[in-house]
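Below is one structure; the comments refer to it alone.
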Amino acid sequence: DIQMTQSPSSLSASVGDRVTITCRASQSIYIYLNWYQQKPGKAPKILISAASTLQSGVPSRFSGSGSGTDFILTISSLQPEDFATYYCQQSYSTPSITFGQGTRLEIK
Amino acid sequence: QVQLVQSGAEVKKPGSSVKVSCKPSGGPFSSYTLSWVRQAPGQGLEWVGRAIPSVGMTHYAQKFQGRVTITADKSTSTAYMELSSLRSDDTAMYYCAREHTRTFDIWGQGTMVTVSS
């Protein structure tokens, strides 16, 4: 299976900050990388697909970049509702799917 | 907007089995690919497997091979995940999710499965 490693595991930031979360794959996954946001007690929500395609309804302060093995999720100006846990997920190696271990974004 | 509605919470004994259901509220069920993803308390997301009703195929994560069975009943438009030989570390929230263009774009509300003696 392809291993997905996120960094950092947790992050403290303030409203208005620019934040980046990194996801690294154990082998090339081209652009088959998705990002999800999960708030406590809720199911995950898709933010970005194919490394950089913003899903409908997702604020433009979220952006994704990268290809191959290294990917970045950027939040340009943190809002109070953005404090959550973020997961990357590879969809290259079908049929198996793997997620990163998650990055918990907390209020400083 | 299609929703995925899952069955209610379960409490099971170690060694027993659990069967969780997932029913889309609308849309052409046969065209869906439905996956199951679990999340142990305070932990990350783990893909369990999927069903592709249109072609009658299933795929399972290697970790769960032999212990999980995912089915899709076209007559009732319901997908099921059955996990057997339950252990305490199977305690988790189990989500069904629709796969669309290689993303999980719609998620169920989750079903909490607690394994305890």
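Applying the condition of being out of contact with any strand residue (DSSP E or B) (no Cβ under 8 Å at 6 or more places or on another chain) and in a loop (DSSP other than H, G, I, E, B) to region B:25-42 and asking which residue is surrounded by the fewest Cβ atoms within 10 Å (Cβ to Cβ) yields B:Gly42.
When region A:62-98 is filtered for residues that are over 13 Å from the mean Cα position of the chain (by Cα), more than 14 Å from chain B (Cβ to nearest Cβ) and not hydrophobic (A, V, I, L, M, F, W, C), the ones remaining, listed by number, are A:Ser67, A:Gly68, A:Thr69, A:Ser76, A:Ser77, A:Gln79, A:Pro80, A:Glu81. If you go through region B:96-107 and keep only what is within 16 Å of A:Gln38 (Cβ to Cβ) and facing chain A (nearest Cβ under 7 Å), you end up with B:Thr103, B:Phe104, B:Asp105, B:Trp107. For A:Lys42, all conditions in the list (1) surrounded by fewer than 14 Cβ atoms within 10 Å (Cβ to Cβ); (2) more than 19 Å from B:Gly44 (Cα to Cα) hold save one; what is the number of the exception? Checking A:Lys42 against (1) surrounded by fewer than 14 Cβ atoms within 10 Å (Cβ to Cβ); (2) more than 19 Å from B:Gly44 (Cα to Cα), the one that fails is (2). May I ask you to list the residues in region A:23-43 that are closer than 14 Å to B:Thr103 by Cβ, under 11 Å from the mean Cα position of the chain (by Cα) and not aliphatic (A, V, I, L, M)? Within region A:23-43, A:Asn34, A:Trp35, A:Tyr36, A:Gln37 qualify. Only one entry of B:Gly49, B:Gly108 meets the criterion of being under 16 Å from A:Ile46 (Cα atoms) and surrounded by 20 or more Cβ atoms within 10 Å (Cβ to Cβ), and that entry is B:Gly108. On inspection, A:Gln27 fails the criterion of being at pLDDT 95 or above and assigned to a strand (DSSP E or B). Scanning region B:64-74 for residues that are of a type in the set (Gly, Ala, Ser), in a strand (DSSP E or B), in contact with a helix residue (DSSP H, G or I) (Cβ under 8 Å, 6 or more places away or on another chain) and buried (at least 18 other Cβ atoms within 10 Å of the Cβ) turns up at least one hit.
The values are calculated or read from the model by the stated rules, or taken from the named source; none is laboratory data. Remember, predicted model here, so these are calculated numbers, not experimental data. Quick reminder, even Gly has a Cβ in these numbers, built from the backbone with ideal geometry, and neighbours come from all protein chains shown.
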